[in-house]
1. Scan region 187-244 residue by residue and report those that are without any contact (Cβ under 8 Å) to a residue 60 or more places away in the chain and over 30 Å from residue 270 (Cα atoms).
2. From the list 272, 241, 177, exactly one residue is touching a helix residue (DSSP H, G or I) at 6+ places or on another chain (Cβ under 9 Å), of a type in the set (Gly, Ala, Ser) and at pLDDT 85 or above. Which is it?
3. Evaluate region 224-235: report whether one residue or more is in a loop (DSSP other than H, G, I, E, B) and either surrounded by 15 or more Cβ atoms within 10 Å (Cβ to Cβ) or touching a strand residue (DSSP E or B) at 6+ places or on another chain (Cβ under 6 Å) (or both).
4. Going through region 159-206 one residue at a time, which ones are among the charged types (D, E, K, R), surrounded by fewer than 22 Cβ atoms within 10 Å (Cβ to Cβ) and over 16 Å from residue 137 (Cβ atoms)?
5. Look through region 340-360, keep the residues that are of a type in the set (D, E, K, R) and exposed (fewer than 12 other Cβ atoms within 10 Å of the Cβ), and return whichever of them is nearest to residue 373 (Cα to Cα).
6. Could you list all residues from region 305-328 that are open to solvent by 60 Å² or more (accessible area, probe 1.4 Å) and among the acidic types (Asp, Glu)?
7. Please work out which residue is most open to solvent (accessible area, probe 1.4 Å), limiting yourself to region 87-127 and to residues that are more than 23 Å from the chain's Cα centre (by Cα) and under 15 Å from residue 193 (Cβ atoms).
8. So which residues in region 91-107 are of a type outside the set (Phe, Trp, Tyr) and in contact with a helix residue (DSSP H, G or I) (Cβ under 6 Å, 6 or more places away or on another chain)?
Amino acid sequence: MSMQLLVYVIQPVRASAMQAFLKGGSAASSKNKTDSPVPSSSSKKKDGKARIIPWIEKYRPKTVEDVAFQDEVIAVLKKSLEGSDLPNLLFYGPPGTGKTSTILAASRQLFGPELYKDRVLELNASDERGINVIREKVKKFAQLTAGGTRPDGKPCPPFKIIILDEADSMTKDAQSALRRTMERESKTTRFCLICNYVSRIIEPITSRCAKFRFKMLAEDILISRLQMICKEEGIAIDDSAIDAVFKTSDGDMRKAIMTLQSASRLCGKDGAITKDMIFDISGVISEDYLDKLINKCRSDSYEELDVAVQDIIHEGYAASQVLNQLHDKIITLDSLSDKQKSVVCEKMGEVDKCLMDGADEYLQLMALFSTIMSQMCHGG
């Protein structure tokens, strides 16, 4: 009788523990949930801590004044925001320089958070933007009328904004259809085209827009922004690692912030970010490794060169990355004459073309390093 009672008491406890385990909590927490259907504040706090916001969104400029190193663009946009008059815009320049962030910040300042979703249509590279999208979605949105007052009573411009990100990937037919829409709906709609290569935008569109070139971010601007993020997030990082982030990002703020966040997640809260960690994350070859490769070329031994090239392949380094970094290294070498450097750079161009056509990476790297070895040891 006592054994039956013991089994009867243990079984409900085991069942509740199993249910709590499947739901991701403890038995005590599952009991609290059954007693009170309202979730506790501590569970909300835990849920809030578990959510990780990408730093590129967390530290995206909220106003036009927060955009870094684009003084000419900011000055023009400030005047336009004061007069609530905005021309059609064409932003072009390298990636990660603040083109999209600038127009998003300007739109939020113009319309406020309440009207932003109703007044701004954003299409980026993930959307289909053939001629049908321009004729249907963009044209319908452009034809809608807009008022001149915000819900909070502040005045706002009586037009809408259509943002076409990476517009250089649009087809010529779609750009021609967009040109006609820009003409017809000029009273109610402003267009902002964002691209990396302005030469891929047809002339009738560029002539209807105010063009602004976004410059690649300077070293001091990018490093100061990275240091601000490290201070806000409580990250331990030395100066050599900061310099490594700048070198691997090539002036791309987005890439630099993503590299920094990846490194912080890798080392944890207590660890410190090092230069080697940045190189490993970004896939960049270290300077010491490049120096060893060049020394192998001075050995005048194809067997040693073959082993070195195989090591590059086995380490997982991309041949295009080797080409980019090796080019900068060869240009600054004092042991090669200008004529020898020109021969090596010409070979680099041939190798790059072959790699883009799908050639084998090992064979192309062997051909390149053999040329370098020939120039170093035999002068051609």
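1. 187, 188, 189, 199, 200, 202, 203, 204, 207
2. 241
3. yes
4. Listed by number, the residues that qualify are 166, 168, 172, 179, 183, 187, 200, 203.
5. Restricting to residues being of a type in the set (D, E, K, R) and exposed (fewer than 12 other Cβ atoms within 10 Å of the Cβ), the top hit is 346.
6. Scanning region 305-328 gives 311, 315, 328.
7. Within region 87-127, the first condition is being more than 23 Å from the chain's Cα centre (by Cα), and the residues that meet it are 87-88, 109-119.
Narrowing further to those that are under 15 Å from residue 193 (Cβ atoms): 87-88.
On the way: 87: 57, 88: 27 Å².
By that ranking, first place goes to 87.
8. Start the filter on region 91-107 by keeping residues that are of a type outside the set (Phe, Trp, Tyr), which leaves 93-107.
Of everything in region 91-107, those that are of a type outside the set (Phe, Trp, Tyr) and in contact with a helix residue (DSSP H, G or I) (Cβ under 6 Å, 6 or more places away or on another chain) turn out to be 96, 105, 106.
The values are calculated or read from the model by the stated rules, or taken from the named source; none is laboratory data. On a predicted model such as this, the values are computed, not experimentally measured, just so you know. Virtual Cβ from ideal backbone geometry, glycine too; neighbours counted across all protein chains shown. Surface areas here come from the heavy atoms of the whole protein model, side chains and all, with no ligands, DNA or RNA. Shrake-Rupley method; radii C 1.70, N 1.55, O 1.52, S 1.80 Å.
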